[in-house]
Amino acid sequence: MKEIHLLPENLLRMPSVNLVQSWYEKSFEEILVYEDADTSDPKILENFCDRLIKIHNRHNDVVPTMAQGVIELKQSCQLDQQTEHSIQYFLDRFYMSRISIRMLINQHTSLFGTNLNGHPRHIGCIDPNCSVTAVLKDAYENARFLCDQYYMISPDLEITEHNGPDPGAHISVVYVPSHLYHMLFELFKNAMRAVVEHHGSDADNLPPIQVIVALGKEDLTIKMSDRGGGIPRSLIDTLFQYMYSTAPTPSPTTDSTPLVSNGNNMRSMDMFSCDPNLCHQ
């Protein structure tokens, strides 16, 4: 909360950023009530869990709202390189903190909340035996639904698994399925849009998206390949910048392409992939 005041003054004046700031201030005030609470009282613990759930829900739209604030700033004035660098640095820390806080809230409410409807195999939000291919297929099907809805066509999927430690065995990892899904869903959206727009929505046969899942002794690698025309080398450094998008900024009065990703989507995906606390067995 202190760091948000270090943002460029122009950005702090944006309505969307003010809204996000008000959410954090309200949540901070609500959580402070429990600083000296009696943790041996079951009723207090129940109220604490309920409060965490409300805070979690309040912050559901933080990423798109903050992204809207950046769009508002871009539309209102010309940004210099130093300002863009400051915004990039802040949002990196801001979103990484958000991922950590939301995971802690999910873990606490999943383990100690009254609504225990999670998968019996899961430890809170962590799946000790997460099927990579199952999550991958789920992300593909949902991205494909959007692609079919918008373009009336979508590329097929081809999956290849390589299990180094146990050849031929199904690949599973200790991970948070929702994090893995988020990363794959964003990648599939990008790949599908590129393939359809490169080959044309009236093409008879679109080349499939090929995914290789490889498990080594120390790491898991997921490689996604598409024939969507590629990315110019001159744009590679901009892919994970919050100010960058591969599509024009949509008008507020029109529907935007559901498969469009911007720097917020790509950067948050990159942050999920860098989680050092979760690894495979």
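Read-outs throughout are calculated quantities, based only on the coordinates presented, and are distinct from any laboratory measurement. In this text the structure is predicted, and so the values were computed from the model without any measurement. Every residue, glycine among them, receives a Cβ derived from its backbone with ideal geometry; neighbour counts consider all protein chains shown.
Quick look at the values:
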{"item": "Gyration tensor verdict on the range 127-238 (Cα atoms; rounded if a/c is under 1.5, prolate if a/b is larger than b/c, oblate otherwise)", "result": "prolate"}
{"item": "Cβ-derived FRET efficiency at R0 51 Å, residue 38 paired with residue 92, nearest 0.05", "result": "0.85"}
{"item": "Under the span-like rule (Cα at least 30 Å along the axis, Kyte-Doolittle mean at least -0.5), DSSP H helices of the chain", "result": "81-112, 177-199"}
{"item": "Between the range 91-111 and the range 192-243, the alpha-carbon center distance in angstrom", "result": "28"}
{"item": "Value of relative contact order over the range 106-225, rounded to a whole percent, pairs C-alpha under 8 Å and six or more apart", "result": "30"}
{"item": "Net lengthening on full extension, residue 178/residue 149 (0.36 nm per residue, minus Cα-Cα)", "result": "8.1 nm"}
{"item": "Stretchable slack from residue 57 to residue 218, in nm (0.36 nm times residue separation minus alpha-carbon distance)", "result": "54.4 nm"}
{"item": "Top of 65, 114, 133 by mean-square fluctuation, Gaussian network on the chain, Cα under 10 Å", "result": "114"}
{"item": "Gaussian network model of the chain, Cα within-10 Å springs - most flexible of 83, 160, 39", "result": "39"}
{"item": "Given 15 as the ceiling on other Cβ atoms within 10 Å, longest exposed-site-free region of the chain for trypsin sites (Lys or Arg not before Pro) in DSSP loops", "result": "14-120"}
{"item": "Stretch gain in nm, segment residue 239-residue 77, where the contour uses 0.36 nm per residue and the Cα spacing is subtracted", "result": "56.1 nm"}
{"item": "Members of 26/54; 26/74; 137/189; 189/223; 2/26 lying beyond 20 Å, as alpha-carbon distances in this model show", "result": "26/74"}
{"item": "Rounded Å value of the spacing that divides the Cα centres of the range 139-174 and the range 27-68", "result": "36"}
{"item": "Stretch in the chain that is longest and holds no GluC sites (Glu not before Pro) that DSSP places in a loop and that have at most 10 other beta carbons within 10 Å", "result": "36-217"}
